[in-house]
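*Asks:* The following block contains the structure, expressed as structure tokens.
The values are calculated or read from the model by the stated rules, or taken from the named source; none is laboratory data. Note that the coordinates shown come from a computational prediction; the quantities given were computed from them, not determined experimentally. Cβ: placed from backbone, ideal geometry, glycine included. Neighbour counts: every protein chain shown.
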Ligand SMILES: Cc1ncc(COP(=O)(O)O)c(C=O)c1O
């Protein structure tokens, strides 16, 4: 008999972490792998942020803090949100956690009763459905198509609402597609959320990474009614290249934030004191390093999208933000290599890793069969090398 709980048995391991781990193991064994797997910027954390952490250590800021983060950190979060999202929050509307992933986990634990439904547009970030399942809820997946910019349409949302629907998840700009909702898109969804009293979990972790002057809008900025229903999720991982520091945060309804504090108090306690000090510097210190990274991402994005579209049989959506390309490779399904048929995105990923020595993530993991995800948070040199290999590997099918 297994000792493992039924709750855990229904969830999958993180596919992105798994492919990254496999690629790393191949690399460690001496194989020249080009990895498009990781969802993290390839830049170092800016020096001023590191220095803030050194100062925290030197000054003995190395003890427990308030569970949901220090007031100084919450003030820095509020200041950043005022500037970027044009929304004002009091400190008791804010909680800092150990990464945006932890923030999302706590939200679902705080709001879901058994059987509650959460509407999740696909392609989705891999963790949302599993987090909903872990909380005892039911993920309700909405297929969003490339023809409509990979965005959930208002009629799709309306048609899925039941008396069990508790919340909807919006991730703009999106992992894995890079698609972002315009202000009008969000207004139409906000109206439905307000009319049906649904919470909106607005994952805005890529809000500072957008291209061609696309204006990223926060769901919470669209009026008082939707602000009260929205839980804005963000963090320092992507914007400031601080994935290892593990600081994420949520701003929203005070009662929900209080419930999340309770969960955090009985599980992790505060996020690392030293990382909190670094995050303050990231959020309210000089922003030029973060902007510099975006200008690199934009050049890579232009290149990778153009080159993917130039490959015979591949089409690639032009993203508005984040750092992922999400090409459609389904025209290669049904082709064989060494007697093995490539039937789906998982087979394609395996083929590319084994034959082209290139790591990508299968679209099926994001609820979008037919696609693969390439993170371009890697050097231009790697991008050029990896695309050349993909092109050759596909041509040989
Ligand atoms: C859409 C999205 N949300 C949240 C996260 C969580 O990031 P972190 O836990 O590093 O803050 C990620 C990271 O990949 C992401 O892509």
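*Asks:* Take residue 271 and tell me if it is assigned by TED's automatic domain parsing to the domain that holds residue 40, part of a loop (DSSP other than H, G, I, E, B), in contact (Cβ under 8 Å) with a residue 40 or more places away in the chain and touching a strand residue (DSSP E or B) at 6+ places or on another chain (Cβ under 8 Å).
*Replies:* Criteria not met by residue 271.
*Asks:* Can you tell me which residues in region 143-157 are assigned to a loop (DSSP other than H, G, I, E, B), within 17 Å of residue 173 (Cβ to Cβ) and in contact with a strand residue (DSSP E or B) (Cβ under 9 Å, 6 or more places away or on another chain)?
*Replies:* 144, 150, 151, 152
*Asks:* For residues that are surrounded by fewer than 21 Cβ atoms within 10 Å (Cβ to Cβ) and within 16 Å of the ligand (Cβ to nearest atom), tally how many sit in region 217-231.
*Replies:* The qualifying residues number 0.
*Asks:* Now a separate question. Residues in region 205-221: is at least one part of a strand (DSSP E or B) and assigned by TED's automatic domain parsing to the domain that holds residue 65?
*Replies:* For region 205-221, residues part of a strand (DSSP E or B) and assigned by TED's automatic domain parsing to the domain that holds residue 65: present.
*Asks:* Determine whether residue 333 is modelled with pLDDT of 95 or more, touching a helix residue (DSSP H, G or I) at 6+ places or on another chain (Cβ under 9 Å) and buried (at least 19 other Cβ atoms within 10 Å of the Cβ).
*Replies:* Answer is no for this residue.
*Asks:* Looking only at region 243-267, which residues are touching a strand residue (DSSP E or B) at 6+ places or on another chain (Cβ under 8 Å), within 13 Å of the ligand (Cβ to nearest atom) and assigned to a loop (DSSP other than H, G, I, E, B)?
*Replies:* 247
*Asks:* Now for a different question. Could you please find all residues in region 1-16 being surrounded by 14 or more Cβ atoms within 10 Å (Cβ to Cβ) and within 16 Å of the ligand (Cβ to nearest atom)?
*Replies:* Correct list: 14, 15, 16.
*Asks:* Another question, if that's okay. Out of all the residues in region 184-210, which are within 16 Å of the ligand (Cβ to nearest atom) and touching a strand residue (DSSP E or B) at 6+ places or on another chain (Cβ under 8 Å)?
*Replies:* Within region 184-210, 200, 201, 202, 203, 204, 205, 206, 207, 209, 210 qualify.
*Asks:* Considering region 28-67 alone, what residues qualify as being within 16 Å of the ligand (Cβ to nearest atom) and in a helix (DSSP H, G or I)?
*Replies:* Of everything in region 28-67, just one residue is within 16 Å of the ligand (Cβ to nearest atom) and in a helix (DSSP H, G or I), namely 49.
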